[in-house]
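Trainee: Structure below; questions to follow.
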Amino acid sequence: MYKEDIEMAKKARLFSYSPYSNFQVGTTLRTKTGKLYTGCNIENHGIQGICGERTAFAKALSEGERDFESITVVGAKKGEEPTEECMPCGYCRQFMSEFVDENFKIYTLQGNEVKEYTMKELLPYSFKM
C-alpha cells in the first residue's frame, strides 16, 4: 500500500528531538501529486514542542503545497520499533483539518498491520469558520 511512506516515516522518527518523553514520532505527508514530506516531533523544556504531523505540514505548506492526500504516522520509545498505533493528537487533528477535506487519509501501524482512518473519523466535529 504505502510501504514507501511507512519506511520514510520510520527513518524520519530517528531525527526526533525528544529528550523529555523519549518518544520518537515520524511522519510522511503525501500530496495529491505524489510528493512526499517527512516530519518528526521536536520537544523543548517548555510547552512549545511541535509534533511530527505539524512539522511535515509546515515543510510542505512553506513550499507552496496545498493539496494533500494522506499522512502516515509512526512512533515508539527511543530504541524500540513502532508496533503500537501512534495517533495524531487533538491539536494536530484540528491543525490538519484546516488544509484537508474529510476524506484525507491517516495511516498508522499496529504491529505489521497498516490501519487507515479518515479525517472525518478522527475529527468528526472540527472547528471551521
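The values are calculated or read from the model by the stated rules, or taken from the named source; none is laboratory data. Computed from a prediction, not measured in an experiment: that's the story for all the values here. When we count neighbours, we look across all protein chains shown, and the Cβ atoms used for this are built from the backbone with ideal geometry, even at glycine.
Trainee: Return the residues of region 1-59 that are part of a loop (DSSP other than H, G, I, E, B), within 11 Å of the chain's Cα centre (by Cα) and free of Cβ contacts under 8 Å to residues at least 40 places away in the same chain; say none if nothing qualifies.
Mentor: Hit for region 1-59 is Asn41, nothing else.
Trainee: May I pose another question? Tell me, please, whether a residue that is surrounded by 13 or more Cβ atoms within 10 Å (Cβ to Cβ), more than 19 Å from Glu4 (Cα to Cα) and within 10 Å of the chain's Cα centre (by Cα) can be found in region 101-114.
Mentor: Checking region 101-114: not a single residue is surrounded by 13 or more Cβ atoms within 10 Å (Cβ to Cβ), more than 19 Å from Glu4 (Cα to Cα) and within 10 Å of the chain's Cα centre (by Cα).
Trainee: Now for a separate question. Taking region 60-92 as the search range and keeping residues that are in contact with a Cys (Cβ under 9 Å, 6 or more places away or on another chain) and touching a residue at least 60 places away in the same chain (Cβ under 8 Å), which one is surrounded by the fewest Cβ atoms within 10 Å (Cβ to Cβ)?
Mentor: Here the answer is Ala76.
Trainee: Which condition number does Ile42 fail, the rest of (1) out of contact with any Ser or Thr (no Cβ under 7 Å at 6 or more places or on another chain); (2) more than 19 Å from Glu116 (Cα to Cα); (3) among the β-branched types (Val, Ile, Thr) being met?
Mentor: Here Ile42 meets the rest and fails (1).
Trainee: Pairs under 9 Å by beta carbon, first residue touching a residue at least 40 places away in the same chain (Cβ under 8 Å) in region 94-113, partner acidic (Asp, Glu) and assigned to a helix (DSSP H, G or I), six or more apart or different chains?
Mentor: Phe95/Glu53; Met96/Glu53; Tyr107/Asp5
Trainee: Restricting attention to region 35-59, which residues are at pLDDT 95 or above, over 20 Å from Met87 (Cβ atoms) and out of contact with any Gly (no Cβ under 8 Å at 6 or more places or on another chain)?
Mentor: Lys35, Leu36
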